[in-house]
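Asks: This structure is in structure tokens; I'll ask about it shortly.
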Amino acid sequence: MMNHLQAMRVFLKVAENGSFGRAASSLGVSNAVVTRYVVLLETHLNTRLVNRTTRTLSLTEAGRAYAEGCRQ
């Protein structure tokens, strides 16, 4: 079972840092843990929150809206 609050915290770190690696470092966890939380959150919400390429990461429109909702 996923801890939704923790997944939201991890997603916000990714959104703030613009990187899975930097988010992982600031949270003190591995990249794999960060990736797993974001994928689980995307699966739970049934939408893509992050566009990933080998060199860049950007939030989707849904990701930006969800990040704003999490901050509130």
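The values are calculated or read from the model by the stated rules, or taken from the named source; none is laboratory data. Values in this document were obtained by computation on a predicted structure and should not be read as measured data. All Cβ positions, glycine included, derive from the backbone under ideal geometry; neighbour counts span all protein chains shown. Areas reflect the complete protein model, heavy atoms only, side chains present, ligands, DNA and RNA absent. Shrake-Rupley method; radii C 1.70, N 1.55, O 1.52, S 1.80 Å.
Asks: Starting from the Cα-Cα distance between ARG9 and ALA65, subtract it from 0.36 nm times their residue separation and give me the gain in nm to one decimal. Walk me through the numbers on the way to the answer.
Replies: On the way: separation 56, 0.36 × 56 = 20.16 nm, distance 1.49 nm.
Net length gain for the segment: 18.7 nm.
Asks: Further question: Say R0 is 25 Å: what FRET efficiency, to the nearest 0.05, do ARG52 and ARG22 get from their beta-carbon distance? Working shown, then result.
Replies: Details: r = 14 Å, r/R0 = 0.57.
So the FRET efficiency works out to roughly 0.95.
Asks: Could you provide, to the nearest whole Å², the per residue accessible area of the chain with probe 1.4 Å? Each step should come with its number before you reach the end.
Replies: On the way: 4600 Å² over 72 residues.
Result: 64 Å² per residue.
Asks: Quick one: what do you get for the chain if you divide its Cα Rg by 2.2 N^0.38 Å?
Replies: So the Cα radius of gyration is 0.98 times the expected 2.2 N^0.38 Å.
Asks: Among TYR37, ALA67, SER19, pick out the residue whose Cα is farthest towards the positive end of the charge dipole of the stretch 16-72, where Lys and Arg carry +1 and Asp and Glu carry -1 on C-beta, about the Cα centre.
Replies: About the Cα centre, the residue reaching furthest to the positive side is SER19.
Asks: Which value, in debye to the nearest 20, gives the size of the charge dipole of the chain about its Cα centre, when Lys and Arg are +1 and Asp and Glu are -1 at the Cβ? Write out the running numbers ahead of the final one.
Replies: Numbers: 9 positive and 4 negative charges, 35 e Å.
The dipole of the chain has a size of about 160 debye.
Asks: Where the accessible area of the chain is counted over protein heavy atoms with a 1.4 Å probe, how much of it, in %, is carbon and sulfur? Could the numbers behind the result be given before it?
Replies: On the way: 2350 of 4600 Å².
Using a 1.4 Å probe with all protein chains present, the chain comes out at 51 percent carbon and sulfur.
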